[in-house]
Each structure stands twice: as structure tokens, then as C-alpha cells.
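One structure is given below, encoded as C-alpha cells.
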Amino acid sequence: MTPSARQWLVEFAERLGIDAPSDTECEEILALAGIAAHSSERTAAPVACWLAARAGLSVADALDVANSLVAPDSNDA
């Protein structure tokens, strides 16, 4: 039987020696991935999440940065 996404992530996190993300964190990560995928190509989604983690950003901070890329710049008005 194929594990659920949650089960797979818990096992993956255990093998990495870290805590699995909470349900809220998963929702925020998926939101970040969605912004990247819908603003560019789908392949940007996992790489954007990896970049945010590599930069040491919280998911909330990464979402702010991603949203700044798609939000109209008020300086251009």
C-alpha cells in the first residue's frame, strides 16, 4: 500500500533527523510552491521551496518574498 503524503513526509523527516512539518507548515509550503508554479513553470515549485530552505527562511518569510515577485510594484505606477 502506498503511504499518504503525510506518512511519507514523516518517514523522510525521521531519516533526515528532523521534525516533520506541521499541517499548517505543509499548507504554507504548498502555497509557496503554488505561487512559484503559477508564476512561472511548474518546475519552479520544488526548487523555490529548496531555495527558501537553503536561505534559512521561514515559510512565512519565503511566502512574502514570493508574493513580492507577483504583486504589482507600487513604484512602477
remark   = If we take the chain, then helices (runs of 4 or more DSSP H) inside it with 1 or more residues that are surrounded by 12 or more Cβ atoms within 10 Å (Cβ to Cβ) and charged (D, E, K, R) are 5-16, 23-39, 59-70
key: First in segment 29-45 and on the phi < 0 side of the Ramachandran plot, second anywhere and assigned to a loop (DSSP other than H, G, I, E, B) and surrounded by 13 or more Cβ atoms within 10 Å (Cβ to Cβ), Cβ under 8 Å, 6 or more apart   = ILE29/PRO21
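Throughout, read-outs are computed from the coordinates displayed, never taken from laboratory work. Just so we're clear, the structure is a prediction, and the values are computed from it rather than from any experiment. Every residue, glycine among them, receives a Cβ derived from its backbone with ideal geometry; neighbour counts consider all protein chains shown.
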